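Below is one structure, written out as structure tokens; the observations come after it.
The values are calculated or read from the model by the stated rules, or taken from the named source; none is laboratory data. In this text the structure is predicted, and so the values were computed from the model without any measurement. Methodologically, a virtual Cβ is constructed for each residue, glycine included, from the backbone with ideal geometry; neighbour enumeration extends over all protein chains shown. Just the protein is used for accessible areas: all its heavy atoms, side chains included, with ligands, DNA and RNA removed. Shrake-Rupley method; radii C 1.70, N 1.55, O 1.52, S 1.80 Å.
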Amino acid sequence: MSDLVTGDAVVLGLRPARLPSRALAILLDLALYVTAYVLIGVGLTLATASLDPAAQAAIAVASFLLLLVGIPIAVETLSHGRSLGKLACGLRVVRDDGGPIRFRHALVRGALGVVELLLTFGTVAAIASLVSARGRRLGDVFAGTLVVRERVPGARVMPVPPPPPWLAGRFTQLDLSAVPDGLWLAIRQYLTRMNQLDPQVGAAMAARLADDLVARTGAPPPAGVPAAAYLMAVVHERQSRDAARAFRAAAAAGASPVPPAVSGFGPLPAAAPAPTPAPAPYVAPAPVAPTAPAQAPRAGGFAPPA
């Protein structure tokens with residue numbers, strides 16, 4: 001699943017950083033590293049004044065490699081692609097498949113950064129970033145990395161398309177507890193952008209996502225159901241369950257009684273129970289004399305006078 005989530009998420013869900021933001025982040029990092037290099041270099045020069053010139057040159061080269069090459073590599077490795085400059089600009093270095101970088105990625109980027117950024121004053125890196133479709137410099141190309149934007153301005157959330165009516169309620173018994181959040185995110189990203197993809201690429205992605213979902217649920221794939229429709233129906237079922245769970249929680253919270261101190265009113269006085277009347281003594285009915293049969297009412301519906 002990692003090759004699908006990350007590789008497609010770079011295209012579908014991540015925004016590559018462009019030259020202005022990347023240049024600002026690099027300038028902030030270089031200002032910090034060069035300042036530290038100058039301060040430490042002055043200290044080393046004073047401390048090694050009594051040594052011979054060869055030792056002083058070796059110490060100068062070692063300090064240069066440590067502060068301007070080794071420290072940036074260590075920072076990117078330990079921070080998973082977020083140096084101080086990138087953190088300030090909301091950027092991050094990730095692999096081509098969207099995952100966090102490792103030491104070898106940071107090493108290649110740092111080694112080529114000496115040529116791209118320091119020796120040519122950023123000219124080569126700027127030209128490569130302008131030529132690249134995703135704004136990558138040569139270090140990113142050889143390391144297999146990409147600088148993306150982490151803080152994206154508020155974008156409109158695309159709704160997931162509803163499933164076909166003939167699939168509604170078909171997966172109510174499906175066990176979704178073993179499906180990870182990463183798979184749900186990949187399915188949602190695909191469904192919200194499926195109309196923007198090439199039909200063949202979209203069909204292949206839907207098939208792989210559906211296979212992963214079937215493997216997680218443990219249920220056999222439904223016969224005759226397209227992969228995209230199956231994904232829509234399962235996502236709709238999960239949303240329905242979440243909505244029902246939230247509704248039950250809200251109903252349970254609303255049904256709890258409010259204490260008098262919160263409502264501001266004291267408890268209502270208990271009403272005195274009404275007295276129960278005593279049963280009347282039994283009296284035998286008097287005999288009724290026979291009466292003449294009553295006349296039928298008139299046509300107007302009025303009863304005849306007594």
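Observations
- In the set (1) open to solvent by 20 Å² or more (accessible area, probe 1.4 Å); (2) touching a Leu at 6+ places or on another chain (Cβ under 8 Å), Y190 fails one condition alone, (1).
- Of the candidates A203, A126, the single residue that is small (G, A, S) and farther than 25 Å from L68 by Cα is A203.
- Pick from the range 79-130, criterion of a type in the set (A, V, I, L, M, F, W, C) and in a loop (DSSP other than H, G, I, E, B), ranking: least open to solvent (accessible area, probe 1.4 Å): I101
- Checked against (1) within 30 Å of R15 (Cα to Cα); (2) modelled with pLDDT of 85 or more; (3) open to solvent by 20 Å² or more (accessible area, probe 1.4 Å); (4) part of a helix (DSSP H, G or I), A229 passes all but a single condition, namely (3).
Residues checked against (1) of a type in the set (G, A, S); (2) at pLDDT 90 or above; (3) exposed (fewer than 14 other Cβ atoms within 10 Å of the Cβ); (4) farther than 25 Å from V214 by Cα:
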{"position": "A143", "(1), (2), (3), (4)": "yes, yes, no, yes"}
{"position": "R151", "(1), (2), (3), (4)": "no, no, yes, yes"}
{"position": "P159", "(1), (2), (3), (4)": "no, no, yes, no"}
{"position": "L167", "(1), (2), (3), (4)": "no, no, no, no"}
{"position": "R170", "(1), (2), (3), (4)": "no, no, no, no"}
{"position": "A178", "(1), (2), (3), (4)": "yes, no, yes, no"}
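- Selection within the range 195-243 - charged (D, E, K, R) and without any contact (Cβ under 8 Å) to a residue 60 or more places away in the chain: D198, D211, R216, D242
- Taking the range 17-27 as the range and being in a helix (DSSP H, G or I) and open to solvent by less than 70 Å² (accessible area, probe 1.4 Å) as the test, the residues that pass are L19, S21, R22, A23, A25, I26.
- In the range 111-149, the residue that is nearest to the chain's Cα centre (by Cα) out of those that are charged (D, E, K, R) and within 20 Å of P72 (Cα to Cα) is R149.
- Test: residue in the range 168-181 that is outside any loop (DSSP other than H, G, I, E, B), more than 22 Å from L28 (Cα to Cα) and among the acidic types (D, E): yes
- Pick from the range 28-46, criterion in contact with a helix residue (DSSP H, G or I) (Cβ under 9 Å, 6 or more places away or on another chain) and either more than 20 Å from G70 (Cβ to Cβ) or not hydrophobic (A, V, I, L, M, F, W, C) (or both), ranking: most open to solvent (accessible area, probe 1.4 Å): T45
Conditions tested, residue by residue: (1) within 24 Å of the chain's Cα centre (by Cα); (2) modelled with pLDDT of 90 or more; (3) of a type in the set (K, R); (4) open to solvent by less than 20 Å² (accessible area, probe 1.4 Å).
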| residue | (1), (2), (3), (4) |
| --- | --- |
| D198 | no, no, no, no |
| V201 | yes, no, no, no |
| A206 | yes, no, no, yes |
| P222 | no, no, no, no |
| V225 | no, no, no, no |
| S240 | yes, no, no, no |
| A243 | yes, no, no, no |
| A246 | yes, no, no, no |
| A252 | no, no, no, no |
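- Residues in the range 182-226 that are part of a loop (DSSP other than H, G, I, E, B) and of a type in the set (K, R): R193 only.
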